[in-house]
Amino acid sequence: MTTKRTTILSIFGTRPEAIKMAPLVKALEAEPGVRSIVCVTGQHRSMLQQALDLFDIAPQYDLAVMSENQSLNGLAARLIGAIDNVIEEEKPCRILVHGDTTTATAGALAAFHRRVPVAHVEAGLRTGDMTRPWPEEMNRRVVDVMSDLMFVPTQRSEQNIARETLQGRSIITGNTVIDALLSVTKRIDSNATLRASLDARFPYLDDSKQLVLVTGHRRESFGQGLRDICAALGEIARRDDVQIVYPVHLNPNVQATVISALGASPNVFLIQPQNYMGFVRLLQRASIVLTDSGGVQEEAPALGKPVLVMRDVTERPEAVQAGTARLVGTDRHAIVCAVSLLLDDESARAAFALSVNPYGDGHASSRIVSALLDRPFEEFRPDLRVSEEQHRLMRAAVA
Ligand code: UD1
Ligand code: UDP
């Protein structure tokens, strides 16, 4: 006799979604009672493929919607029709979407219109400002409105949900990015040959210098914000005890500004987007991480790396609160000062390297699967107390 299986359709389309959904897809695939279908929208092309290859995910559907320098409305319009066809074909019991992208919003809306229940992974993040990050703050809010299950990473995100009149149920799971990160660091740390081959990608890195690892691609920073960030990097790069590595996002607006501002700067290495393992290796080797990315704000603290966030507000305030991240905005002077302080003061760097990890413990995917299948589990509730010594270091660094 064959038992009936629950069809769960996971829909994602960008690099960060693929990295963060990969552990969950793997966990669903291992469940005999689940028929797991993956639909990638292809909102990103090569950056998505890098992540699919690394985690060995072979999607049943690839909607290949990306176009060069795509507009948000053009993208959204292509997505809804294409996702609707997949829902019609597969008739899933539920769909899973992730985070705050146009793919997530279109996927949730297409499912909602077809009365298919939506579960939102990485729900409840808020800055409270619809313009920052733009359009992501709107995306994550409307996906939560349409979801009957909201997998929130932290207690803070659950509190955000509790303040709104939403009909779904929220469950604190931790962030699946930590599941992905821990699986990759385990592979790197246990294999010297792999480490050597990853390091061989960056033969120019000099261990006697401090590595500043940069990512920057937010739409609300296009124009002056990104130019100011580049001016700050150019100034920092004048020091000869520093190397700056910046994997440049493939968005043409980012490429044009960054390459024209920094292409000729000594000590600045503009490189192609790395696959996740290559990027995690760079994170491990970095002294300081400078970013406006969401995922990197979660990963750097988990690796004990100081992270300066080039935004004025963040939907991930937990690390700022814990003292492992600081907001520096996009002002040139503020970035140069904050980076210089950390470069020049080892105790200031050490103060960021707390052992607490507010975002996850590596078991988020297993909690999500248990919740989907109605099995008992314990929510993620980390102990965020920091030791006396860590408090002392933090106070000294801020003074
Ligand atoms: C999107 C998400 C953002 C997320 C980011 C992660 C939205 C509205 N924004 O922004 O939340 O932080 O992804 O990176 O969903 N491109 C390529 N190849 C790729 C990927 C992108 O060429 O593999 C170029 C294309 O010209 C594309 C452009 O980048 O049109 C923009 O991609 P898009 O997904 O629309 O915006 P992102 O800025 O990447
Ligand atoms: N990342 C990567 N290669 C890179 C730069 C970043 O794999 O060259 C990873 C990073 O570790 C994180 C994710 O991509 O997990 C973040 O993606 P992105 O910054 O594009 O999006 P965001 O997190 O801001 O939505």
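The values are calculated or read from the model by the stated rules, or taken from the named source; none is laboratory data. Since we're looking at a predicted model, the values are computed, not measured. Cβ: placed from backbone, ideal geometry, glycine included. Neighbour counts: every protein chain shown. All accessible areas refer to the heavy atoms of the entire protein, side chains included, with ligands and DNA or RNA removed. Shrake-Rupley method; radii C 1.70, N 1.55, O 1.52, S 1.80 Å.
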Once the convex hull of the C-alpha atoms of segment 114-173 is built, how many Å³ does it hold per residue, rounded to a whole number? 77 Å³
Treating only the Cβ atoms of Lys and Arg (+1) and Asp and Glu (-1) as charged, compute the dipole magnitude of segment 1-117 about its Cα centre; round to the nearest 20 debye. 360 debye
Over the heavy atoms of residue 202, what accessible area does a 1.4 Å probe trace out, to the nearest 10 Å²? 10 Å²
At residue 72 and residue 148, where each label point lies 7 Å from the Cα along Cα→Cβ, what is the point-to-point distance in nanometres? 3.0 nm
How large is Rg over Rh for segment 180-296, taking Rg from the Cα atoms and Rh as the Kirkwood inverse mean of 1/r across Cα pairs? 0.97
Using only C-alpha atoms and all pairs of different ones, pull out the Kirkwood radius for segment 108-224 in Å with one decimal. 17.5 Å
Share of Cα-Cα pairs in the chain beyond 28 Å, in percent? 46 percent
On the accessible surface of the chain, probed at 1.4 Å with all protein chains in place, carbon and sulfur together account for a percent value of 50 percent
For segment 103-175 and segment 19-74, what is the centre-to-centre distance using only Cα atoms, to the nearest Å? 19 Å
Can you give the calculated 222 nm mean residue ellipticity of the chain, where each DSSP H run of n ≥ 4 adds -39,500 (n - 2.57) and the sum is split over every residue, rounded to the nearest 500 deg cm²/dmol? -14000 deg cm²/dmol
Considering only segment 1-136, percent of DSSP beta bridges that pair antiparallel, nearest 5: 0 percent
Which residues make up the longest stretch of the chain clear of GluC sites (Glu not before Pro) that lie in a DSSP loop with no more than 10 other Cβ atoms within 10 Å, not counting the sites? 69-377
When segment 291-344 is reduced to its Cα atoms, the Kirkwood hydrodynamic radius in Å: 11.1 Å
Per-selection Kirkwood Rh - segment 1-42 (Cα, Å, 1 d.p.): 11.0 Å
Solvent exposure of the chain as accessible area per residue, Å², 1.4 Å probe: 42 Å²
Calculate, in nm to one decimal, what residue 334 and residue 209 gain on full extension: separation in residues at 0.36 nm each, minus their alpha carbon distance. 42.8 nm
From the cross-link list 186/209; 4/186; 26/209, which pairs have alpha carbons spaced over 31 Å apart? 4/186; 26/209
Please report, in cubic angstrom per residue, the volume enclosed by the convex hull of the alpha-carbon atoms of segment 221-378. 128 Å³
Once you charge only the Cβ atoms, +1 for Lys and Arg and -1 for Asp and Glu, what is the size of the charge dipole of the chain about its Cα centre, to the nearest 20 debye? 320 debye
Would you mind giving the three semi-axes, in whole Å and largest first, of the ellipsoid equivalent to segment 45-165 according to its Cα gyration tensor? 24, 18, 15
Separation in nanometres of the label points that stand 7 Å from Cα toward Cβ, at residue 4 and residue 130: 4.2 nm
Sequence of 199, 292, 312 when ordered by accessible area, the most exposed leading, probe 1.4 angstrom: 312, 199, 292
